[in-house]
Amino acid sequence: MLVNEERHAEIKAALHSRGLSLGAIARAEKVATTTVSLVSRGHGRSRRLEQAIAHALNLKPEQLWPERYAR
């Protein structure tokens, strides 16, 4: 898996600018914040959490993580 700390920081900043956080997504999805953080960083995959993060940013998961969805 490709870990991308820069993208993770960008995701966190974009969420923050909308008054959201990875923790808020974790609570909404009923998972640990660390789980959402790991998905955001690229340490793990969860289509459900990728979708939740992307939805919070009004994006598609493919736009946030194109390498995960490349064919």
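Kirkwood hydrodynamic radius of the chain from all distinct Cα pairs, in Å?
11.8
Could you list which residues have their amide H under 5 Å from that of residue 20, counting only those 5 or more apart in sequence or on another chain, with H placed in the peptide plane?
Amide H neighbours of residue 20, under 5 Å, 5+ apart: none.
Per residue of the chain, what 222 nm ellipticity follows from adding -39500 (n - 2.57) for every DSSP H run with n ≥ 4, rounded to the nearest 500?
It comes out at -18000 deg cm²/dmol, rounded to the nearest 500.
If contacts are Cα pairs under 8 angstrom and at least 6 residues apart, what is the relative contact order of the chain in percent?
Answer for the chain is 29 percent.
Would you mind working out the accessible area per residue for the chain, using a 1.4 Å probe, and quoting it in Å²?
Value returned for the chain: 63 Å² of accessible area per residue.
Counting other Cβ atoms within 10 Å, which trypsin sites (Lys or Arg not before Pro) in segment 1-70 have at most 10 and lie in a DSSP loop?
Here the sparse-neighbourhood loop sites are 30.
Counting only protein heavy atoms, what percent of the accessible surface of the chain is carbon or sulfur at a 1.4 Å probe?
The nonpolar share, carbon plus sulfur, comes to 53 percent.
Quick one: what are the phi-derived ³J(HN,Hα) couplings along segment 62-71, Karplus 6.51/-1.76/1.60 with θ = phi - 60°, whole Hz, x for glycine and proline?
4, 6, 7, 10, x, 5, 6, 10, 5, 10
The values are calculated or read from the model by the stated rules, or taken from the named source; none is laboratory data. All values derive from a computational prediction rather than experimental measurement. Heads up, the Cβs are rebuilt from the backbone with ideal geometry, glycines too, and the neighbour counts pull from every protein chain shown. For accessibility, only protein heavy atoms count, side chains too; no ligands or nucleic acids. Shrake-Rupley method; radii C 1.70, N 1.55, O 1.52, S 1.80 Å.
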